[in-house]
Amino acid sequence: MPRITYELLQRRAEHNEGMVSTLEEVALHQEDIEKIECIGQHARHLKIIYMQNNLIMKFENLHRLKELEYLNVALNNITKVENLQRCESLTKLDLTVNFIDKAGMLSLPSLQANEFLKEIYLTGNPCADVEGYREFVVASIPQLKKLDGKDITHSERILAKQNLPAIQKRIEKELEIEGVDVDLAKRVEDAYNAPLDDDIDPNTVARPWSIETRIKDHREMRAERDKHEAQKKGNMDKLCGGDAKASKPRRSEMPPLPQDGERIWQKNEGEWEFTLLESEDQKSIVLDVAIGKYLDTSLVELDVQPKLVRMLVKGKLLQLELMEEVTPDKSNAQRATVSGHLVVTMPKVREVLAPVAPELFTISTAPKKTPKNLKSVQIRGIVPGGESNTPADIKEAAVTTVDDDDSSDDEVPPLG
């Protein structure tokens, strides 16, 4: 049976930084709770309590809540209204869809002690079908301003007070005929101690609408949910090779370095977003880790080795193998002011020299220079055309033809 514990209240106090002692509002709906306990001991300053859709059968352990203003217990198993007299500040009570019947109506006058109570909801209870129900409630709780969401008028209140004795007498007589002890019904205490009906067939489609049925239905649904969660957890264990939900304790220091030749395992226990790239000049390896803008730098521990880089952030390890060997002594780390990113620059041991691009020259033909002030001589027309260049006093010589004797040699001197 789920119970209200301090741990449960602390989980529901997340909006109050987990502080239960100063808690003013708590939501405990749909928790299959069967008993109200420990609320008044740990959270005495509660003003609003939501406990709808549980299995609560009676009001109890609420007498210390002097500041309680709104109590919502809709969809529960309450049969009587009791143990609320000391909730001095109670102004609104929601009892929608419970099991307050004709006999339970006789416990409503106990709310006269709550002088600040202005609004109550009883819709969905068996008593709402009783003849004279609204007049009985209006007259029994004179400080009410609204019943089931409808305002109570002054004339309605006067008429209800006039009819109250007759209505109450009729209800008591009907209860006596039904065999109900009227005096016991009027007592503001828990008179319900019926055992659970374990003989109800769980495979029965139609069940009577009763307290026992709701309790059994909720227990069956919870058992089904637990079975489903266990099956889901088993499947995750098989998939992940272990307990998928088991949380590892935080590291207090860096783990030992891997030995020579040992494989370096990549680890990101904190699931940090990071990039590990070469710099633009290809001379360094740059690690950029998004560790959060509001994380204190004192919580970050950094270790750069020639072949790996390690970072311990709030006990979570980030370990990465480097693609090339770096120089740890020349490495530096910087924290971005705006984004909070941690940037680690690690120079390489073997510096890569980038090829130098050759300078290109454009070859063009030089323009032909014309010398200035160059004097030229006009040679055309120096000698008049049609005139002979031969002097006038030169005469043509006579040409004499000599027979050529091939047998004679002009160069041979004469004999004799």
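Structure above, values below:
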{"read-out": "Candidates 71, 93, 62, 75, filtered to the one that is in the same structural domain as residue 38 (by TED's automatic domain parsing), out of contact with any Ser or Thr (no Cβ under 9 Å at 6 or more places or on another chain) and in a loop (DSSP other than H, G, I, E, B)", "value": "62"}
{"read-out": "Residue match in the range 273-282 (condition: modelled with pLDDT of 90 or more and in contact with a helix residue (DSSP H, G or I) (Cβ under 9 Å, 6 or more places away or on another chain))", "value": "no"}
{"read-out": "Residue satisfying condition, being acidic (Asp, Glu), at pLDDT below 95 and part of a helix (DSSP H, G or I), within set 172, 131", "value": "172"}
{"read-out": "Residue 31 vs. criteria touching a residue at least 12 places away in the same chain (Cβ under 8 Å) and over 25 Å from residue 101 (Cβ atoms)", "value": "yes"}
{"read-out": "Test for residue 310: is it out of contact with any Ser or Thr (no Cβ under 8 Å at 6 or more places or on another chain), assigned to a strand (DSSP E or B) and not assigned by TED's automatic domain parsing to the domain that holds residue 235", "value": "yes"}
{"read-out": "Scope the range 53-78; condition out of contact with any Asp or Glu (no Cβ under 6 Å at 6 or more places or on another chain) and under 16 Å from residue 119 (Cβ atoms); matching residues", "value": "68, 69, 70, 71, 73"}
{"read-out": "Qualifying residues in the range 35-52 (those that are surrounded by fewer than 20 Cβ atoms within 10 Å (Cβ to Cβ) and touching a helix residue (DSSP H, G or I) at 6+ places or on another chain (Cβ under 9 Å)) - the one nearest to residue 2 (Cα to Cα)", "value": "38"}
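The values are calculated or read from the model by the stated rules, or taken from the named source; none is laboratory data. Source: prediction; values computed, not measured. Because the Cβ atoms are built from the backbone with ideal geometry, glycine has one as well, and the counts that use them run over all protein chains shown.
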